[in-house]
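Asks: Have a look at this one.
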Amino acid sequence: MTLILRGGKIIDGTGAAPFLGDLVITEDRISAVGPSAETPPGATVVDATGHTVLPGLIDPHVHITWGETITNPRSWTAFSTLTTEQEAGFLDVTSKAARQFAEGAYIGRETLRAGFTTVRDVGVAAGYSDVVLREAVKNGFLGGPRILASGGGIAMTGGHGWDLGVVEADGVEAVRLAARTQLKAGADVIKIFATRAGLAGEVPGGPEFSIEEMKVICDEVRQRGKHTAAHAVGAEGIKRAVLAGVDTIEHGCYIDEEAAELMAERGTWLISTLHPYDRQATRATALGYPPYAAARSAEIMEVYPRNLRMAIDRGVKTALGSDSGIPGLTPHGENAREIVLFSRLLGVSPVEAIHRATGAAAESIRIGGTVGTLVPGKLADVLMVRADLETDIEAVLDLDNIRYVIKEGATVIANGEWKI
């Protein structure tokens with residue numbers, strides 16, 4: 001079966017200049033991209049005039065089994081919004097992992113509807129609910145994005161994330177066992193909580209794990225052909241994680257020049273997450289978060305865009321993550337807001353921002369050989385948006401503009417309507 005998206009503005013995800021042309025999909029692969037394509041017998045042709053055709057978006061930092069969506073403000077997990085006595089009893093007697101799986105099934109569908117065909121879940125999934133969700137999507141039981149799963153993640157005893165279902169471990173042998181256990185359960189990536197959060201404590205984002213502890217985790221993961229992601233907010237924790245061999249640094253709000261140069265030298269990726277801090281700076285108090293949350297987020301947003309710009313200028317490879325799933329702040333389905341913020345706050349072109357949410361994002365999570373760019377031979381993960389995203393990047397936030405979503409050659413959204 002052949003599908004042709006004809007006459008759209010093509011942003012191919014490589015960072016190259018857009019052009020008007022045709023995209024041809026044959027079975028599950030991109031077979032041609034160029035100014036003009038022949039129409040083979042039996043091909044389906046979609047008029048893409050006035051639309052942007054780009055790779056399916058990739059979000060390397062989500063929490064896909066908890067939190068709200070843009071269409072459903074209720075959540076069974078994390079800070080639950082279920083309040084009646086009957087609902088409270090339900091929470092007491094049911095498995096959190098089962099609830100997260102059910103919620104993740106809905107979240108996955110909403111994420112795919114927003115144009116994200118791949119996500120990487122980065123921790124706090126109870127009972128490996130993200131691993132089960134990954135398999136359900138992969139085997140066709142559920143509609144959703146391609147998922148790279150991490151399970152619960154690993155934190156030191158009492159460290160950041162201890163109350164969110166992570167595995168607590170201290171010392172090299174304990175963290176080795178924790179890593180092996182999560183790999184055995186099917187994790188694609190191991191999340192390491194290398195620092196405190198950016199909003200609490202006397203030293204925001206202060207270091208927690210030692211280099212030796214994180215190195216053991218990285219060595220175990222690398223031997224299995226998987227990769228690691230480190231929650232790292234402060235500069236010292238970032239440097240420790242990089243020296244330990246971590247593959248991606250999540251957040252990196254207080255990255256300094258020394259850390260940036262170390263990351264560039266070692267090829268460590270930085271995953272930008274402007275979205276949650278931007279929201280917390282303005283909405284935390286109204287949503288019931290402690291008063292310090294808004295103040296600390298405002299402090300972070302004073303320096304974070306500038307620090308990201310510095311890191312990029314020093315050669316740090318950077319991709320964009322939304323941190324979707326934080327209750328009240330980053331609802332699933334609004335993942336593309338990170339793209340908009342990155343373009344606006346760092347002053348980069350929409351084409352560059354899209355590159356960091358497609359081709360670069362795919363490389364950051366080690367799937368760049370199969371998806372992320374509109375290149376013949378790659379899997380056909382494709383998005384068609386009713387707007388010129390080169391000049392109006394905010395149009396990607398309006399779901400009505402998401403006209404076609406294609407995942408591995410299968411059309412899941414056509415003319416804005418579900419096909420599965």
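FYI, it's all coordinate maths here, none of it is from the lab. Here the structure is a predicted model, which means the values were calculated and not measured. Cβ: placed from backbone, ideal geometry, glycine included. Neighbour counts: every protein chain shown.
Asks: How would the stretch 365-420 be classified by its alpha-carbon gyration tensor: rounded, prolate or oblate, with rounded meaning a/c under 1.5 and the a/b versus b/c comparison settling the rest? Please list the in-between numbers first.
Replies: Values: a/c = 2.44, a/b = 1.33, b/c = 1.84.
Since a/c reaches 1.5 but b/c is at least a/b, the shape of the stretch 365-420 is classed as oblate.
Asks: At 7 Å along Cα-to-Cβ for each site, give me the label-to-label distance between Thr370 and Gln223 in nm.
Replies: 2.5
Asks: Using a/c under 1.5 as the rounded threshold, could you call the stretch 118-180 rounded, prolate or oblate? The axes a ≥ b ≥ c are square roots of the C-alpha gyration tensor eigenvalues, and prolate needs a/b larger than b/c, oblate otherwise. Mind dumping the intermediate values first?
Replies: Details: a/c = 3.21, a/b = 2.38, b/c = 1.35.
Here the stretch 118-180 falls in the prolate category.
Asks: Using +1 at the Cβ of each Lys and Arg and -1 at the Cβ of each Asp and Glu in the stretch 57-335, identify which of His160, Phe101, Leu308 lies farthest towards the dipole's positive end.
Replies: The one lying farthest along the dipole's positive direction is Phe101.
Asks: How large is log10 I(q)/I(0) at q = 0.27, 0.28 Å⁻¹ when the Debye formula is applied to the Cα atoms of the stretch 251-296, each weighted equally and without solvent?
Replies: For the stretch 251-296 at q = 0.27, 0.28 Å⁻¹, log10 I(q)/I(0) is -0.90, -0.94.
Asks: For the stretch 318-420, what value does the Rg/Rh ratio take when both radii are computed over Cα atoms and Rh is the Kirkwood radius, given to two decimals?
Replies: Values: Rg = 13.9 Å, Rh = 14.5 Å.
Here Rg/Rh amounts to 0.96.
Asks: Using helices alone, I'd like the mean residue ellipticity at 222 nm for the chain: each DSSP H run of four-plus residues gives -39500 (n - 2.57), total over residue count, nearest 500.
Replies: Values: 12 runs with 139 residues, N = 420.
My calculation for the chain gives -10000 deg cm²/dmol from helical runs alone.
Asks: A further question follows. Hey, how many Å between the Cα centroid of the stretch 286-311 and the Cα centroid of the stretch 321-356?
Replies: 15
Asks: Antiparallel DSSP bridges in the stretch 57-335: what percent, to the nearest 5? The partial results should precede the final answer.
Replies: Details: 2 of 29 bridges.
Within the stretch 57-335, antiparallel bridges account for around 5 percent of the total.
Asks: Cα centroids of the stretch 1-73 and the stretch 256-285: how far apart, whole angstrom?
Replies: That distance is 29 Å.
Asks: In the neighborhood of Gly21, defined by Cβ-to-Cβ distances under 15 Å, what is the net charge if each Lys or Arg adds +1 and each Asp or Glu adds -1? Don't skip to the answer; put the middle values down first.
Replies: Values: positive: Arg6, Lys9; negative: Asp12, Asp22, Glu38, Asp47, Asp388, Glu390.
Combined, the nearby Lys, Arg, Asp and Glu give -4.
Asks: Where the eigenvalues come from the Cα gyration tensor of the stretch 182-334, what are the semi-axes √(5λ) of the equivalent ellipsoid, largest first, in whole Å?
Replies: Numbers: eigenvalues 130, 65, 41 Å².
They are 25, 18, 14 Å, listed largest first.
Asks: Can you run the Rg to Rh ratio on the stretch 339-382? Use alpha carbon positions and the Kirkwood inverse-distance Rh.
Replies: Numbers: Rg = 11.5 Å, Rh = 10.9 Å.
Result: Rg/Rh = 1.05.
Asks: A follow-up question, please. Sorting Glu390, Glu208, Glu220 on the 10 Å Cβ count, fewest up front, what's the list? Don't skip to the answer; put the middle values down first.
Replies: On the way: Glu390 15, Glu208 24, Glu220 20.
Starting with the residue having the fewest Cβ neighbours, the order is Glu390, Glu220, Glu208.
Asks: So if I average 1/r over every pair of distinct C-alpha atoms in the chain and take the inverse, what Kirkwood radius in Å does that give? Don't jump to the answer; show the numbers that get you there.
Replies: Values: mean 1/r = 0.0465 Å⁻¹.
After inverting the pairwise mean of 1/r, the radius is 21.5 Å.
Asks: If you rank His227, His63, His332 by fewest surrounding Cβ atoms within 10 Å, what's the result?
Replies: Details: His227 21, His63 28, His332 31.
With the fewest neighbours first, His227, His63, His332 line up as His227, His63, His332.
Asks: Measuring from centroid to centroid over Cα atoms, what is the spacing of the stretch 167-226 and the stretch 358-386 in Å?
Replies: Going from one Cα centre to the other spans 29 Å.
Asks: To continue, here is another question. Take Ile64, Ile413, Ile70, Ile25 and order them by how many other Cβ atoms sit within 10 Å, fewest up front. Mind dumping the intermediate values first?
Replies: Numbers: Ile64 29, Ile413 22, Ile70 16, Ile25 25.
Listed from fewest to most nearby Cβ atoms, that is Ile70, Ile413, Ile25, Ile64.
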